[in-house]
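These notes are about the structure you will find just below.
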Amino acid sequence: MRYQISGKQIDIGEALQTHVKSELGEVIEKYAQRPTEAVIVFSKSAHEFVCESVIHLSTGLNAQAKGHATEIYAAFESCREKMDKQLRRYKRRIRNHHHSRPVPVEFGEGSSYILAPSEEPEDDDNGVAQPIIIAEMEAKIPSITVGEAVMQLELTSQKFLVFRNEGHAGVNVVYRRDDGNIGWIDPRNTK
C-alpha cells in the first residue's frame with residue numbers, strides 16, 4: 001500500500017510518519033483486505049492541529065475521516081479512531097462488494113466548473129446576464145451500482161455523489177436529505 005503523508009505549512013517529522021504508517025496500517029489491515037493508497041494531511045487551524053485521511057480501497061470506495069486536537073499526535077489518534085469506526089461499521093459490506101466485483105471500478109471523465117457573478121454582468125443575445133467561469137476542473141465519475149454509491153456516500157462526509165449507474169450506464173445522483181435519509185435521483189426513471 002502506498003502512503004502519502006504531508007503537512008500544510010507545518011513540518012512533519014519521520015517519527016510521526018512512522019507512527020501514522022504503523023497505526024493506520026493496523027486499522028486498514030484489520031478491515032480492508034486490499035487498500036491501494038492512504039492520503040494523510042496534517043494542518044493547523046488556529047490553536048488546533050487537524051488530521052484528514054482518505055483511504056482508497058481496491059473496491060473503488062473511499063473512506064475518509066478528520067480529527068482535531070491541540071497536539072498533532074492526538075489529532076491523528078482522533079482521526080484514526082473515526083476511520084476505525086467507519087471501516088468496522090462497513091466491514092461486511094466492503095468485503096461483500098469486493099467479492100462481487102471482479103474488476104476495479106472504472107472512472108469516466110467529466111468537467112466541473114465554478115461560476116461567479118461579475119460586477120458588470122455580460123449579457124447574452126437575449127439580454128440575460130451570464131456568470132463568468134472562474135475555474136474549470138476535471139472530475140472523476142465512478143461507474144458503480146446504486147448500493148455501492150450509497151455506501152460510498154456513507155463512508156465519506158460528502159453531501160452528494162454523482163455516478164454512472166452500472167445497471168443502465170446513465171448518470172445518477174445520491175444525496176443526503178435534511179431528514180437524515182438518502183435520496184436517489186435517476187433521470188431515466190422519470191416519465
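Please treat every number below as a calculation from the coordinates, not as lab data. Fair warning: this is a prediction, and the values are worked out from it, not measured in the lab. Counting neighbours? That spans all protein chains shown, and the Cβs are built from the backbone with ideal geometry, glycine included.
Among 153, 24, rank each residue by its count of other Cβ atoms within 10 Å, from fewest to most, as a rough exposure measure.
Details: 153 18, 24 23.
The most exposed by this proxy come first: 153, 24.
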In order over segment 62-75: 3J(HN,Hα) from phi, Karplus 6.51/-1.76/1.60, θ = phi - 60°, whole Hz, x for each Gly or Pro, gives 10, 10, 9, 8, 9, x, 10, 6, 7, 10, 5, 5, 5, 5
Per DSSP, the loop-located GluC sites (Glu not before Pro) within segment 14-72 having at most 12 other beta carbons within 10 Å are 71
Under 5 Å from the placed amide H of residue 50, counting only residues 5+ away or on other chains, we find 43, 44, 45
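So which of 82/159; 30/66; 21/140 end up more than 24 Å apart, counting from Cα to Cα?
Numbers: 82/159 18 Å; 30/66 20 Å; 21/140 27 Å.
The answer is 21/140.
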Per-residue Cβ contact counts at 10 Å, fewest first, order 178, 186, 84 as 178, 186, 84
